[in-house]
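I have placed the structure first, in the form of structure tokens, so that the comments after it can refer back to it.
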Amino acid sequence: MSPEERPAHTAPGRDRTPATVLIVDDQDEFRETTAAILSKRGFGVTQAGDGVEALDKLARDDFDVLLLDLRLPRMDGPAVLEALTEPPTVVILSAFEYFDEAALRERFGSLVFECLRKPVPPDRLVAVVLAASERAHGG
Amino acid sequence: MRGGRWRPSPLATVIALIVAAATVLGFVLTNRSVQAQNEALLRSDTTQAAGYVSSIVSGLGSTLQALASGINANGGSPVAFEVQAGQLSQGEFTFVLARKTGARYVVLAAVGPGFESAQVLGPGVTSALDQATSTIRPGLVDFNGRSTTAGLAIGPPAVPSGLGLYEQLVIDPFVATKATEAAPFHSLMAAVYGSRTPRQDQLVLANTRSLPLKGATSEAPVAVGSANWWLVAAARSPLAGGFPNAAPYVILAIGLSLALATGITVEALVRRQRYATRLVAVRTAELQASQDALVHGERLSALGEMASTIGHELRNPLGAVLNALFMVRHELQDALTPEAEHFLVMAEEQSARAVTISENVLGFVRQREPALAPLDLGEVVDDVLEATPTPPGVNVTVNTAHLEVKADRDQLTQVLANLVTNAYQAMPQGGTLTIEAGTQDHHAELTVADSGGGVDPAVLDRIFDPFFTTKATGTGLGLAIVSRIVEAHGGRVTFENRRRGGAVITVRLPLEPTMGPAVGSDQEA
């Protein structure tokens, strides 16, 4: 079964189990609308407004995909990545212009699945998160 | 060395000429005064010398008069004359007593050489005796090249009527005598002539053999009884003295040196001032340029910061808007009325446009150094034209032969895309876009010309400034990005309004590029 023929909200190899996404972003409206879109597409979505809250939620639950902003209150994106013990597949989504994708990939290796600059057209965002969740499940 | 470097300044020339002219005037005046003094002294000395010679000659005349009175007392006796004259004659003098017979004079008695009794006297002596009265009269003067024969005559009533007394002397005119050794002669070269004009055969006396005298001469009559001899004299050395005569030349030398020195000094001052003025102008221009650059740089840097901030800050809300619109469409789907659909599409399009603008702004701010690689310019042109839809009514003419340049493909693509988009926007009513490429002076030259309205000449020098735009909807970054990319490639971009309307932009890229100034690079987050 190819991904196109399968319902978007089910992860490969875990049929009927929704893939889970933690959205970490301090901009409430963006976080909220992104969560709404991903939920509509069948992802299990959790939100965090800063780095510390993100680590809390990562400690409590497992996530397939971490959608991470870089500039965050209390603890920024790179610090969150450093602190991860059981890392999900990470998609960086930042409005910050000057992040150096190559440097990030060198530092965190294959942990970083994709780097996106805001704003991202919703269709593309969904496609990237889906691909990330497939990798999380060894797809 | 520049031509004209040694041409003196007008000021220095004028001042030097004024001093020189004053000097020459001083020289002329002084010299004239000294010469006048020389002449006055020469006249005075000549007159004095003539007077001296005259007094010597009148001594001879008084001898003749004494002899005449003896003759008178003795009734004209030749014997008594011979006795008396014998006492007076001292070798060089000859005394002659003659009687007039008809028109001629016959010698009655002679004491001294040269005359014999009964001799008929020659015309010269005859003439002198004819004119002689009791006042003595000069007689014949004759210089034969070695010696001079001269004479004095005296006649009635000093002697009895019908008689004449003549005294003749034969002298070497150049032998110094009492007459020519006197004080006035010391400073003169002088000659006494029997005639008014200095004829050689009329020479009586001289203290020089350099005759006739040359240069400035003066003459004075030497009174000899009732007639004159003439004394002609020239100064041996300037009579006013050595220093007064040198003075005009001293003045001339000092004055001309002064003129030269003044000229040189003024010239030096003028050049120093010119140099200082030029230096001040150069430094002022440099200061102005660096201040302009500083102001321009600060403005750009402030604009860049602002652009960066705005770009970043817009991204989150734009992201939220895009997401929200997506959700609206997703939620309503079939429930959308045509009117709602129309406005939703409008919102989506305008949001997308806002995203593009923010990308442009950030694209300008984050410009990186070009990654140079060989590429075909014509290929890039084709790619851009293909990706940019040609507006209706616009013809596109491309004339780009295969031309390889070393450039950053993405950046050059952006340059062309911006130029082509600008050109299309400049021709809303349609027109012709002409793209040409060629090489010139080791540069690839790419021109993009449109047939639109051109640009107001008043703002031509600002069109490459970031955020400067003449369009209602532009961000003012298109040409700024073009300019920065081309300069980063070591090239240059210029803009011209075409005479037949429209504008042409020329991009010059070095075929062997040396990198232009770095224009910023990505930084680590």
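The translational diffusion coefficient of the stretch B:10-235, from Stokes-Einstein at 20 °C and 1.002 mPa s with a Kirkwood hydrodynamic radius over alpha carbon pairs, comes to 110 µm²/s. Helix B:242-332 and the longest principal axis of the Cα set of chain B meet at an angle near 0°. Simple spin-label estimate for residue B:39 and residue B:9 gives 4.5 nm between the two label positions (7 Å along the Cα-to-Cβ direction from each Cα). A Förster radius of 30 Å combined with the Cβ-Cβ distance from residue B:512 to residue B:432 puts the calculated FRET efficiency at roughly 0.35. Note on the protein assembly as shown: Kirkwood hydrodynamic radius from all Cα pairs is 38.0 Å, rounded to one decimal. Residue by residue along A:36-44, Cβ atoms of other protein chains within 10 Å of the local Cβ number 2 on average. Under the simplified labelling scheme, the residue B:402-residue B:494 pair shows an inter-label distance of 3.0 nm, with each label point 7 Å from Cα along Cα→Cβ.
Over all distinct Cα pairs, what is the inverse of the mean 1/r for the stretch B:242-335, reported as the Kirkwood hydrodynamic radius in Å? If you can, show how the numbers build up before the last one.
Details: mean 1/r = 0.0466 Å⁻¹.
The answer is 21.5 Å.
The Cα trace of the stretch A:19-131 gives Rg and Dmax of 12.6, 34 Å, the first to one decimal, the second as a whole number. Dividing the radius of gyration of the alpha carbons in the stretch B:417-464 by their Kirkwood radius gives 1.03 for Rg/Rh.
State whether the stretch B:1-107 is rounded, prolate or oblate according to the following rule on the C-alpha gyration tensor (a ≥ b ≥ c being the square roots of its eigenvalues): a/c under 1.5 gives rounded; otherwise a/b larger than b/c gives prolate, and the remaining case gives oblate. Prolate. Pairwise alpha-carbon distances in the stretch B:293-423 exceed 24 Å for 55% of all pairs. Straight Cα distances below 22 angstrom link residue A:40 to the lysines A:57, A:118, with same-chain residues fewer than 8 positions distant left out. Relative to the longest principal axis of the Cα atoms of chain B, the long axis of helix B:478-488 lies at roughly 60 degrees. Under the classification rounded if a/c is under 1.5, otherwise prolate if a/b is larger than b/c and oblate if not, where does the stretch A:70-139 fall, given a ≥ b ≥ c as square roots of the Cα gyration tensor eigenvalues? Taking the square roots of the gyration eigenvalues as a ≥ b ≥ c, the stretch A:70-139 is oblate. Kirkwood radius, the stretch B:369-510, all distinct C-alpha pairs, inverse of mean reciprocal distance: 15.2 Å.
Just tell me which aspartates and glutamates come within less than 16 Å, Cα to Cα, of residue B:214; anything on the same chain fewer than 8 places away is out. In chain and number order, the partners are B:39. Length available on full extension from residue B:309 to residue B:101: 0.36 nm per residue minus the Cα-Cα distance, which gives 59.7 nm. For chain B, the relative contact order comes to 11 percent (Cα pairs under 8 Å, sequence separation of at least 6).
The calculated 222 nm mean residue ellipticity attributable to helices in chain B amounts to -17000 deg cm²/dmol, summing -39500 (n - 2.57) over DSSP H runs of n ≥ 4 and dividing by all residues. Need one word for the stretch B:115-274: rounded, prolate or oblate. Basis is the Cα gyration tensor (sqrt eigenvalues a ≥ b ≥ c); a/c below 1.5 gives rounded, then a/b vs b/c decides. Taking the square roots of the gyration eigenvalues as a ≥ b ≥ c, the stretch B:115-274 is prolate. What the phi angles of the stretch B:147-164 give under the Karplus curve with 6.51, -1.76 and 1.60, with θ = phi - 60°, is a coupling list of 9, 10, 9, 9, x, 10, 10, 9, x, x, x, 5, 10, x, 4, x, 10, x Hz, glycine and proline written as x.
Per residue, the Cα convex hull of chain B amounts to 294 Å³.
Taken together, the values in this text are just the output of simple stated rules run on the coordinates, not laboratory data. Computed from a predicted model, the values in this text were never measured in an experiment. Neighbour counts run over all protein chains shown; Cβ positions are idealised from the backbone, glycine included.
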